[in-house]
Amino acid sequence: MTGKLTLAEFDRRYGAVAPLRRFVEDGDIRLRRLQYDDSAAAFQLWDFLMSEEERLHRARGRGKKIVGVMKDLGTVAVMAYAFPELVAFYPDGAWWLPCYREMHDGLLDRAAAAGIDDSFCPVRAMLGAFLAGDRFPRPDLLLCSAGAVCDDFSTIVQRLAECGFPVAWWEMPCRRTPDAGEPCVRLANGWPVPAGQVDMVEAELARVLGRLENLAGHKLAGRDWPEAIRAANRVRRLVAGLRAEVFAAPVCPLPALEMMIVEMLAIHYCSDRDETVRILEELTALVRARIAAGTGVLPADAVRVFWVNPVADLRMMNLIEECGGRICGTDYMVGHAFTALDETLPPLAALARAALADPMVGPAGQRADLIAAEIEEYRCAAAVISRIPGASHCATEGKIIADRLRARCGIPVLELEVPPLTDALRPGLVTRISAMLELAGPRKAR
Amino acid sequence: MLAAECDQQRRMAEVVSAGTSVPLRLLDVPATGREAAAGTMRAAEQQRLAAFAAAVGDKTGGESAPLRPAVAAGPAAVRGIRTLLAGPHLILEHREILPLLCGHGIEVVVDLTVPGDRQLGPDPLDIFHRPNTGFYAQVAETIRNNGIQAIVVARYLWCDAWHAAVARLREATGLPLLDLELGEEADLTRTANRVQAFAEMFR
């Protein structure tokens, strides 16, 4: 079994030229408390993730326009990257800044001073980051979906606009099942949606495209579209392929923490699509080599767990493995970002379908059915529903999903809350997770 | 009939539909009100609503029954601190806030809660619009036209739209503002203490 490394070991082994310690010295002190996969590919992944802000500043220095795309998690970024003059990123990712800095960054306090206190989701750190102005470059254009989106996010972005950061909104309808006799379209994951909703989102994306064209200073040439969709699919297929191989492998070939970052790369390529592809290919080669050699990073009898929702504290991904679990299925709210776009459709129609496949814009029960299918596919013996403190969707969705999973899959389901820093809660979390894994154990043995 | 204007309404539609055989429809309300696509969406949803109402109407033979007791008339108007009451729909028990405010010399001149006297001010549902700058412009005009001296926001714990509005209302109006966060309990004792303290500021 390949062991995990501390930051010092990780740097010593792979970071002779550019150690990750430089990010710790810059304030990202949480890195000292994480456990890393022992591989050069994982080191490149971490370096790529942590250096995104530098990359955005360099892009601005080269004259590129910066687009802040918000909330849709994966759709509008594909459009922005069709323009060579534009670089897109999701400021939403700022929700991990308080974790990286172990709450010493003051971003949440800044958000609270602007009226967004700790009763809101930790994504309020994004507002703090905009107001602080010293993390990522101020975007030339901010785009955000509205409607069937998280209330916290929508109100935080509205507050952002009130604080002097103009936002262009576009409508995301609440995905629903078609009425009897209503024309419908089937999404890539099998969900039927009214054709009218697809048309509506396509019209909204056309409006977004107009904004991007204005910023880029030219219309998107017809030939650029197929290439943008193909390039997006290259990333999406790599991420989907990695998930499938890692989750199905008899012994876990890549830890949960690195796999969570892999999924996040699908959203906006960490601001560099080509480098994302290269890193994903390296990780794929690593995973295949480990599977072929029958080695992995966790004991072969680790309990297979499905994880629902992203965690505000990265340390949780280490913790589940320390307790004897192994992540073999995920819904980090980004599943639609690594589902391949239909290359036979007009680009905006394909993107509209992808946007409507966002698990968060439709019924939680539908989302639960998709989770249950993956639980069955990867033979998960337990599920964790990780609540995000203050997040409005977490007030009710957890019970809906948990009830559906218990009824359909008959596995233990644990609901717990993960704040940006879990250290003080660690004993309780360990007890609860261990109890769940113990319950799941006999099933695992069958 | 639920309007999908927030997470809670969307999810509660699922919870409610699982526990009842009563026909239920979730009406999707566009957030970007002025855009063409939003207009198309609104028209389509209105058609679905009409079809739903017709179907339900057929089953009830055209009779309608009150879903809840009528709201008792508020106390006789008193002259006091001229106040705008803002917030979402309040459950029946929390309508007791109106006499509570009145009892402490706080005169609710404009009530933006639901059901309130919405004809006097902006539509409180506009707070869900993106952007919702139009809502605040209407609030400012309402405040000017009615000589408002104070604002009371009565909102629920998970209602993010009204929670975030507190900072904006303070900032935009400069008026004293009392932010009342309500839970599931009907007891307003703690709220009464805060209302009293707020009223004392004006003496």
Exercise for review: Taking the options A:47, A:38, name whichever one is touching a Gly at 6+ places or on another chain (Cβ under 7 Å) and more than 21 Å from residue A:141 (Cβ to Cβ).
Suggested key: A:38
Review point. What is the number of the single condition among (1) hydrophobic (A, V, I, L, M, F, W, C); (2) touching a helix residue (DSSP H, G or I) at 6+ places or on another chain (Cβ under 8 Å); (3) within 14 Å of chain B (Cβ to nearest Cβ) that residue A:125 does not meet?
Key: (3)
Point to revise | Criterion: more than 14 Å from chain B (Cβ to nearest Cβ), part of a loop (DSSP other than H, G, I, E, B) and either open to solvent by less than 10 Å² (accessible area, probe 1.4 Å) or among the β-branched types (Val, Ile, Thr) (or both) - qualifying residue of A:342, A:313 | key: A:313
Revision key, fill the gap. Within region A:375-397, residues being in a helix (DSSP H, G or I), farther than 19 Å from residue A:320 by Cα and touching a residue at least 24 places away in the same chain (Cβ under 8 Å) number 6
Review point. Which numbered condition trips up residue B:177, out of (1) open to solvent by 10 Å² or more (accessible area, probe 1.4 Å); (2) away from chain A (no Cβ under 14 Å); (3) under 20 Å from the mean Cα position of the chain (by Cα)?
Key: (2)
Check your understanding: Going by the conditions given, is residue A:134 assigned to a loop (DSSP other than H, G, I, E, B), among the acidic types (Asp, Glu) and either at pLDDT 95 or above or open to solvent by 30 Å² or more (accessible area, probe 1.4 Å) (or both)?
Key -> yes
Review point. Of the residues in region B:1-22, how many are more than 17 Å from the chain's Cα centre (by Cα), more than 7 Å from chain A (Cβ to nearest Cβ) and open to solvent by 40 Å² or more (accessible area, probe 1.4 Å)?
Key: 7
Study note, to complete from the structure: Of the residues in region B:147-174, those that are without any contact (Cβ under 8 Å) to a residue 40 or more places away in the chain and more than 14 Å from chain A (Cβ to nearest Cβ) number 1
Check your understanding: If you scan region B:33-43, which residues turn out to be open to solvent by less than 50 Å² (accessible area, probe 1.4 Å) and within 9 Å of another protein chain (Cβ to nearest Cβ)?
Key -> B:37, B:38, B:41
Study note, to complete from the structure: Over region A:49-65, the set of residues open to solvent by less than 10 Å² (accessible area, probe 1.4 Å) and touching a helix residue (DSSP H, G or I) at 6+ places or on another chain (Cβ under 6 Å) is A:56
Exercise for review: Residue by residue through region A:382-434, note down the ones that are within 14 Å of chain B (Cβ to nearest Cβ), open to solvent by less than 10 Å² (accessible area, probe 1.4 Å) and among the hydroxyl-bearing types (Ser, Thr, Tyr).
Suggested key: A:392
Check your understanding: Out of curiosity, is residue A:91 in contact (Cβ under 8 Å) with a residue 40 or more places away in the chain and open to solvent by less than 10 Å² (accessible area, probe 1.4 Å)?
Key -> yes
Review point. Before we move on, is residue B:144 modelled with pLDDT of 90 or more, open to solvent by 20 Å² or more (accessible area, probe 1.4 Å), closer than 15 Å to residue B:177 by Cβ and away from every other protein chain (no Cβ under 14 Å)?
Key: no
Exercise for review: Tell me, please, whether a residue that is modelled with pLDDT of 95 or more and closer than 29 Å to residue A:103 by Cα can be found in region A:367-376.
Suggested key: no
Practice item. Mind listing just one residue for me: the one in region A:361-381 that is open to solvent by less than 10 Å² (accessible area, probe 1.4 Å) and touching a helix residue (DSSP H, G or I) at 6+ places or on another chain (Cβ under 7 Å) and, of those, farthest from residue A:171 (Cα to Cα)? Key: A:381
Check your understanding: Under 8 Å by Cβ, and 6 or more places apart or on different chains, what pairs join a residue from region B:180-200 that is more than 14 Å from residue B:106 (Cα to Cα) and touching a residue at least 12 places away in the same chain (Cβ under 8 Å) with one that is part of a loop (DSSP other than H, G, I, E, B) and open to solvent by 50 Å² or more (accessible area, probe 1.4 Å)?
Key -> B:181/B:157; B:182/B:157; B:183/B:157
Review point. When you look at residue A:312, is it at pLDDT 95 or above, closer than 22 Å to residue A:422 by Cβ and over 18 Å from the mean Cα position of the chain (by Cα), yes or no?
Key: no
Practice item. Scan region B:23-32 for residues that are touching a Leu at 6+ places or on another chain (Cβ under 9 Å) and more than 9 Å from chain A (Cβ to nearest Cβ) and jot them down. Key: B:24, B:25, B:27
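Hey, can you tell me all the residues within region A:93-122 that are assigned to a helix (DSSP H, G or I), of a type in the set (A, V, I, L, M, F, W, C) and within 14 Å of chain B (Cβ to nearest Cβ)?
Selection gives A:111, A:112, A:113.
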Revision key, fill the gap. Scanning region B:100-141 for residues that are touching a residue at least 40 places away in the same chain (Cβ under 8 Å) and in a loop (DSSP other than H, G, I, E, B), the one least open to solvent (accessible area, probe 1.4 Å) turns out to be B:113
Practice item. Please determine, by comparing only the residues of region A:232-253 that are open to solvent by 20 Å² or more (accessible area, probe 1.4 Å) and not hydrophobic (A, V, I, L, M, F, W, C), which one is farthest from the chain's Cα centre (by Cα). Key: A:250
Practice item. Six or more apart or on different chains, Cβ under 7 Å: which pairs go from a residue in region A:52-77 that's farther than 30 Å from residue A:361 by Cα to one that's in a loop (DSSP other than H, G, I, E, B)? Could you list them? Key: A:55/A:272; A:57/A:137; A:60/A:137; A:64/A:85
Check your understanding: If you scan region A:34-86, which residues turn out to be among the hydroxyl-bearing types (Ser, Thr, Tyr) and assigned to a loop (DSSP other than H, G, I, E, B)?
Key -> A:39, A:51, A:75, A:81
Check your understanding: Looking at residue A:438, is it open to solvent by 20 Å² or more (accessible area, probe 1.4 Å) and more than 23 Å from the chain's Cα centre (by Cα)?
Key -> yes
Point to revise | Flag if residue A:268 is surrounded by 20 or more Cβ atoms within 10 Å (Cβ to Cβ) and either touching a strand residue (DSSP E or B) at 6+ places or on another chain (Cβ under 6 Å) or aliphatic (A, V, I, L, M) (or both) | key: yes
Review point. Can residue A:263 be described as of a type outside the set (S, T, N, Q), surrounded by fewer than 19 Cβ atoms within 10 Å (Cβ to Cβ) and part of a helix (DSSP H, G or I)?
Key: no
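The values are calculated or read from the model by the stated rules, or taken from the named source; none is laboratory data. Because the structure is a prediction, the values reported are computed rather than measured. All Cβ positions, glycine included, derive from the backbone under ideal geometry; neighbour counts span all protein chains shown. Side chains are part of the model used for accessible areas, which takes the heavy atoms of the whole protein and leaves out ligands, DNA and RNA. Shrake-Rupley method; radii C 1.70, N 1.55, O 1.52, S 1.80 Å.
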